[in-house]
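The values are calculated or read from the model by the stated rules, or taken from the named source; none is laboratory data. Values in this document were obtained by computation on a predicted structure and should not be read as measured data. All Cβ positions, glycine included, derive from the backbone under ideal geometry; neighbour counts span all protein chains shown.
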Amino acid sequence: MMIWAVFAVMTGAAIFALLWPLSRVSAPGFADTADARSLYRSQLGEIDRDMARGLLATEEADAARAEAGRRLLRAAGDEVSPPGETEPSLRRRRASSALMLSLVPILALLVYGTYGSPDTPDQPLAARLAKAGPQQDFAVVFARMEAHLAAHPTDTKGWSLIAPIYLRQGRYDDAANAFASALRYGKPDPELLAGLGEARTLAADGVVTASAREAFSEATKLDPGNPRARYYLALAQEQDGDEPGAVASLKNLLAGSPPDAAWTAAVRDRLARMESAAGRDAIAALPDGAREEAIRGMVDGLAERLDAGGGTLAEWSRLIRARSVLGQKAQALQAVKTARERLAQDAAAVAAIGALAQELGLKEATP
Amino acid sequence: MIVEIGHYALALALGVSVIQALVPLWGLSRQDRALASVGASAALISFALVALAFACLVASYVRSDFSVANVFENSHSAQPLIYKFTSVWGNHEGSLLLWVFILTLFGALVALSRRSLPPRLRAGALATQGLVAVAFLAFTLLTSNPFRRLSPAPAEGQDLNPILQDLGLAIHPPLLYVGYVGFSMTYAFAVAALIDGRIDAMWARAVRPWTLLAWTFLTLGIAMGSYWAYYELGWGGWWFWDPVENASFMPWLAGTALIHSLVVMEKRDALKVWTILLAILTFSLSLLGTFVVRSGVLTSVHSFASDPARGLFILLILVFFVGGSLALFAWRAPLLRQGGLFAPISRESALVVNNIFLATACATVFVGTLYPLALEMLTGDKISVGAPFFNATFVPVVVPLLLFLPIGQSLAWKRGDLLGAAQRNLAACGLAVLAALALIAFTRGGPVLAPLGVGLGLFLVLGAGFDLGERIVARASGWPAMLSRARGLPRSAWGTALAHAGIGLSIIGIAAAAWSSEAIAVLKPGERLTAGRYTVVLESVVPRTGPNFRAEVARFQLFAGDRELAPVEASKRVYTARSMPTTEAGIRTDWLSQAYVSLGEAQGDGLAVRLYDKPLILLIWIGALVMAIGGTLSLTDRRFRLAAPRRAAPLAAPQPAE
């Protein structure tokens, strides 16, 4: 609030200073002629000086004097009698006062309101560094830690503290470097090794590289139950094409871990995705006839589920598309109709269904 | 709170500038002195506000407040204090704030010079200036806000571009901006005069000191920029005909022409249309320079962070101010009354010739600078217009101008005697030719143009000296008479002579560049390298740590022939925050010449070293300095203190009661 008071004072002072000249009774005479007259008079003197220095011949000096004299006369003739304190002049002053009182604060507030950050305090570095305890500035602490580590590269504890922070910030190369430094100067530690592997994996866009796998293997050697290392090793198996092996490893990991562990959700999710992918692949592997049968079965299953009630736009769209591709036109139309009824509240969804029907060439019998 | 106060002050200044642009104009059209006088107080207030904003930004930099985006992007807590300070304008946003700061400073100065400026002209000029301020304040606030905040604040800044971490940054931009912005003042006066329809000798006299001031600072700014490029960029060149340099050189040429045509206008009330046009064009060229440098059309050290939105904004400003003033000019210029007469051969005509040549020279630079840009925009072809183009076009225009300069300088007003003037310069010319011939004989086999250039420079210096000498010596006998004549000579005469001699000195320095030589070699400690008169011996290479950089420093012993000079150090630095390398040349000044050592890459266990012998190179900048001193002297001429000496002047005609 304090800052708005300061702004108010600034605005007030500026406007007051603007209004000031309007409050004075103006001296009459608003023309440049007085100065012009003095200029031409001094020019006459200058001509004499130039002549004395030989810069001007006598004849030319006479002509120049005549010219300056003519200008002097003209300047005197230009004098306009100024209007005094008349009614219109007072009205003009009032109008311009109103303009100042409104325009200046409005413009300032408009611009400052758009671009200013009145709630952000100053944060000079010295003050931030001086702060201690819980109000400490994370960025400053972090920068100080980095500086400390740059000066003391053998501080294993510091490295192992900063590494996970790098990892969370997405600075994977820095994280890998920090984990590696912690390991280089300290005892081998499964958590750090697993972290190193994870940082290397994430730095490689999720590919468990040979060096990452090495780190994970080291970790499992020290601690066979390390969940992070086991998870990534399973990922490595999958990436090598050994999907059944990967699924087995993950199941194994789940079985051996407490159900409330934070990471089980991630493992389950991964497992579910791998299994559904495996199912798709299994169908693809069937002979032609059997494959169609299997697909029909799946589609019918979906239809049954949707008929029972509910269903999202995505599910309905999948069903309609599947029916249409399988050549079951009547059933596709039926699905379109039911979907419209079910999704009636959602105008966008209805429109999407319509567009899909159009795209698939499903013409409804006009009611 | 300091940051936000600065931001608000800038926003408030925008509002005040709008008032400054509108109300005095209304007062002018209604002959209302009270309304017109609002311009002066508005100018003072907006100066105070912008100065406050500037001080707040400086405070944020000095205190390393990285919650300000601009500070974060261009400063580092480990920088020495002086660079924390200069970082303020070492970037686009901050330098724009400096621009506006100087703009409002000029406005405040005009507002305060109540005695030397006619009231109507002052009101009109302040209104125009207010309009320029509105445009640039809006540009700063809307597209390039230096007070943008970051939350959370980063712990460390990204450091200033290392090339800019130099004392040159403390000097070059402020000087250059005073020059550029000073020309906005002459522009404002021109527009005010066009609006009011009063353009006469009075106007010329009121405007001349402002023009001289701007010109003096622009001269210093360009010279400083050139010297900075010379020692910082590490390849020993001092002028590259780079578009950015040309952008500052064009207003200088136009401003030089303007100074000269103003003289004619003041004396004879002639050349009005041309002078007004020049005043408009000079500032337009300044604006064009700003546009070219800031819009991202070009890339260079100067083009900081360029952004198309900003480019468009500046283009709009450019179109508005240039187009608007030219339209006003087209409408009003035909109404001007014809002024006094002068013969075809006279000082006035000589000044007209000067203007023709300078305008042509400016046009060649304009074409050489903008043609490649236009071509690239239209066809996508990149062509490079460099020294060869300018040597072929600019030099042939300037050489006759310079040859003619001493003669024009000694012509009489109104009607002169060409033969007499030529005769008066015969001695100077003869001496210069002799010197050139002696140099040709002495440096046989060397470049032919260099002695001729030196001769030309000498001609200018001697011509200026003889002209002064003649005025002091002629017809006076004895020292006391001469001394009193010297004292009686107006300061502007001294200024003219100095400025012209300064050009001569610069020309000598430029011509002598043809004798410079360079040598490159890979040196191991103990090995030597010779270029021209200088020999260096590599002593040692040692690492060194600065506040925010690491450097490899090479120490050299330096010999000029058999004479041993003080040792010289050259280094390569790496600034840690941006991990960007720079080279710091080692320069040893030997009278007016310099030995210049710069380092290249390390090769094996040796170091690539480049040594230059730069004879008389300092004269280039000394000449500019002398020109600026001349400008300053003219500026202090008593004629410009209009109202003050009115009663003291003994020669003035008796004054009737007013």
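Quick notes
- Subset of the stretch B:12-31 that is facing chain A (nearest Cβ under 7 Å) and under 30 Å from the mean Cα position of the chain (by Cα) - its residue that is surrounded by the most Cβ atoms within 10 Å (Cβ to Cβ): B:VAL16
- Residue check, B:VAL365 free of Cβ contacts under 8 Å to residues at least 60 places away in the same chain, under 29 Å from B:VAL264 (Cβ atoms) and surrounded by 18 or more Cβ atoms within 10 Å (Cβ to Cβ): no
- Across the stretch B:368-389, the qualifying residues are those that are at pLDDT 85 or above and touching a helix residue (DSSP H, G or I) at 6+ places or on another chain (Cβ under 6 Å), and the one among them that is surrounded by the most Cβ atoms within 10 Å (Cβ to Cβ) is B:THR369.
- Just one residue in the set A:LEU101, A:LEU73, A:LEU56 is more than 9 Å from chain B (Cβ to nearest Cβ) and at pLDDT below 80; that residue is A:LEU73.
- Residues satisfying the stated conditions in the stretch A:253-262, i.e. touching a residue at least 12 places away in the same chain (Cβ under 8 Å) and either more than 20 Å from A:THR201 (Cα to Cα) or in contact with a Ser or Thr (Cβ under 8 Å, 6 or more places away or on another chain) (or both): A:LEU254, A:GLY256, A:SER257, A:ALA261
- Residues of the stretch A:304-316 satisfying the condition of being buried (at least 19 other Cβ atoms within 10 Å of the Cβ) and part of a helix (DSSP H, G or I): A:LEU306, A:TRP316
- The stretch A:7-37 - residue that is at pLDDT 75 or above, at the interface with another protein chain (Cβ under 7 Å from one of its Cβ atoms) and surrounded by 15 or more Cβ atoms within 10 Å (Cβ to Cβ) and, of those, nearest to A:ARG94 (Cα to Cα): A:LEU22
- Taken over the stretch B:38-50, the criterion of being within 8 Å of chain A (Cβ to nearest Cβ) and over 14 Å from B:GLN129 (Cα atoms) is satisfied by B:LEU49 alone.
- A Cβ distance below 6 Å, combined with a sequence gap of six or more or placement on separate chains, defines the contacts here; from the stretch B:156-183, residues that are on the phi > 0 side of the Ramachandran plot reach residues that are buried (at least 24 other Cβ atoms within 10 Å of the Cβ) in the pairs B:ASP159/B:HIS76.
- When B:ALA40, B:ALA34, B:ALA9 are screened for being assigned to a helix (DSSP H, G or I), at negative phi, surrounded by fewer than 24 Cβ atoms within 10 Å (Cβ to Cβ) and under 31 Å from the mean Cα position of the chain (by Cα), only B:ALA40 passes.
- Residue satisfying all of: in the stretch B:182-202; under 15 Å from B:ALA133 (Cβ atoms) and aliphatic (A, V, I, L, M); surrounded by the most Cβ atoms within 10 Å (Cβ to Cβ) among these: B:ALA188
- Among the residues of the stretch A:326-342, the one identified as of a type in the set (A, V, I, L, M, F, W, C) and either touching a Gly at 6+ places or on another chain (Cβ under 7 Å) or outside any helix (DSSP H, G or I) (or both) is A:LEU326.
Residue by residue, here is whether (1) touching a residue at least 24 places away in the same chain (Cβ under 8 Å); (2) not in a helix (DSSP H, G or I) holds:
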residue	(1), (2)
B:GLY408	yes, no
B:TRP413	yes, yes
B:GLY430	no, no
B:LEU434	no, no
B:GLY446	yes, yes
B:GLY453	yes, no
B:LEU458	yes, no
B:GLY469	no, no
